[in-house]
Amino acid sequence: MHINFEQIYQLAQQWDQEDPLRSFRNEFYLPQKSDGTPKIYFCGNSLGLQPKLVDKYVGEELHRWATLGVEGHFKGNPAWFNYHRILQEPTAKLVGALPHEVVIMNTLTVNLHLMMISFYRPTAKRYKILMESSAFPSDQYAVESQVKLHGFDPETAIVEVAPRSGEFTLRMEDIQQTIYKHADSLALVLFGGVHYYTGQWFNLAQIVEAAHQVGAYAGFDLAHAVGNVPLQLHAWGVDFAVWCSYKYLNSGPGGTSGVFVHERHASKQELPRLAGWWGYKEETRFLMKKGFEPMQGAQGWQLSCGQILPFAAHRAALEIFQRAGMERLRAKSVKLTGFLANLIQALNQQAGQELLRIITPADPEQRGCQLSVMVKHNGKQVFNQLLEAGVVCDWREPDVIRLAPVPLYNTFEEVAQFAYILGRILNLVTKSTIFFRFAFFN
Ligand SMILES: *Cc1c(COP(=O)(O)O)cnc(C)c1O
């Protein structure tokens, strides 16, 4: 069985019509080409699009500020004093946590430092941190500086797990073996949830299990995982996690960040931490007394009063996730990204060679929305031509294009259009004459 691009479009349009989430696309502003038609935006892994609802919620807070001034802290619903609270419940649902295990505050790297102050307490014997090789640079710098802060040498205190030679992604058994190997000297396993470069989704439950077996804490940076893949942080026994809100969560550039602290730690008053007044017991905070007494739960790590404007944008974004539901999003995502992967393989088949190598795992259980595609020839030029054709994706040196069709606002038709544009750039296809094997589209 064969199929041509016209038929692929028809199939994609049919899937879009059947998509229970299709109306969510209308809730976002879509960047446009000069002719006024929407670009193909596959960059939600880097900066998610703006929900229209952000206008309303941010607008309300601007209005409150304009009309009430300082009284906004205690007037209105929710008052600024409590604003972070309405973010807890939807956040807890999104990451599989109890509401008191999460808090929204600060920005990602700041929160990573705050968590490491509490959970990286090295001793002469147990001082190592294990992480994935080529982690996001901010995480590398954070870890390096924490190790130095405690007087250790990053060369010996940071252990990295790397892909085997000729491979691009990590094997679970290698992560586990490295944990067992450093057992007694390991203080903390700090991993990404989904790797920013390769798109690999790690098995967090198994990483936690191995870390706990050797007596180490397990913490995660979920920047590329939250809003992308289903999470069960509480059930998996994760010690702590942090994430940002501007990638898959669509809460705007520089948006606020989330923190998870498992309840078995969250109420431990004695856990060392950096403190600020907003983490102080709410009932007596305004007595302004000496001597820090933390709130119960993750809220006890708050430093400063709430960042109301970023919180308002985040509120809008979380509300959309609540309505769409992570289960439905994930189901669509598997199909959408699978469709893209199949079309890329079809282009390779058309070329008779692997011009486009997908380095992201093929197993849907090991990836989220994102596919990282290594381009064999003239990658940067191909990328630039995609941009010119109205595709927004990103380039990672030396030869990788990251593509993230997201289930909230991308469509199957866009995936088909993208494949056609890419096929044209590579001189592989025309609309009606070139056929692919039908098996790819089952
Ligand atoms: C996006 C990202 C960051 C960015 O950190 P900010 O503090 O928000 O600038 C850090 N770590 C990872 C893994 C990321 O993907």
Excluding residues on the same chain fewer than 8 positions from Lys56, give the aspartates and glutamates whose Cα lies under 14 Å from its Cα. Glu27, Glu319
Using only Cα atoms, what Kirkwood radius does region 273-400 have, in angstroms? 19.3
By counting other Cβ atoms within 10 Å of each Cβ, how are Met288, Met326 ranked from fewest to most? Met288, Met326
Explain nothing, just the number: dipole magnitude of region 55-324 about its Cα centre with +1 on each Lys and Arg Cβ and -1 on each Asp and Glu Cβ, in debye rounded to the nearest 20. 540
Take each of the peptides 350-356, 319-325, average the number of other beta-carbon atoms within 10 Å over its residues, and list them starting from the highest. 319-325, 350-356
Volume per residue of the C-alpha convex hull in region 9-126, rounded to whole Å³: 233
Hey, fewest Cβ within 10 Å first, where do Leu98, Leu222, Leu231 land in order? Leu98, Leu231, Leu222
Eigenvalues of the Cα gyration tensor times 5, then square-rooted: what semi-axes does that give for the chain, in whole angstrom, largest first? 40, 29, 17
Please list, in order along region 346-357, the HN-Hα scalar couplings obtained from phi with the Karplus expression 6.51 cos²θ - 1.76 cosθ + 1.60 (θ = phi - 60°), rounded to whole Hz, x for Gly and Pro. 5, 5, 4, 5, 4, 6, x, 7, 8, 5, 10, 9
Kindly flag which residue pairs out of Lys93/Lys268; Lys52/Lys332; Lys247/Lys335; Lys52/Lys376; Lys247/Lys376; Lys128/Lys332 have an alpha-carbon separation exceeding 32 Å in this structure. Lys52/Lys376; Lys128/Lys332
Extreme residue, positive dipole direction of the chain, given options Trp201, Val147, Ala183 (C-beta unit charges): Val147
I want the antiparallel fraction of DSSP beta bridges within the chain, as a percent rounded to 5. 60
Over the chain, the sum of -39500 (n - 2.57) across DSSP H runs of at least four, divided by residue number and rounded to 500 deg cm²/dmol, gives at 222 nm -11500 deg cm²/dmol
Burial-style ranking of 68-76, 371-379, average other-beta-carbon count within 10 Å with highest first, yields 371-379, 68-76
Collect residues whose amide H, placed 1.01 Å from N in the peptide plane, falls under 5 Å from the amide H of Tyr41; neighbours closer than 5 in sequence don't count. Val392
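No lab work stands behind these numbers, since they all come straight from the coordinates. These numbers were taken from a predicted model, which means no experiment stands behind them. Every residue, glycine as well, gets a Cβ built from its backbone with ideal geometry; the counts of neighbours run over all protein chains shown.
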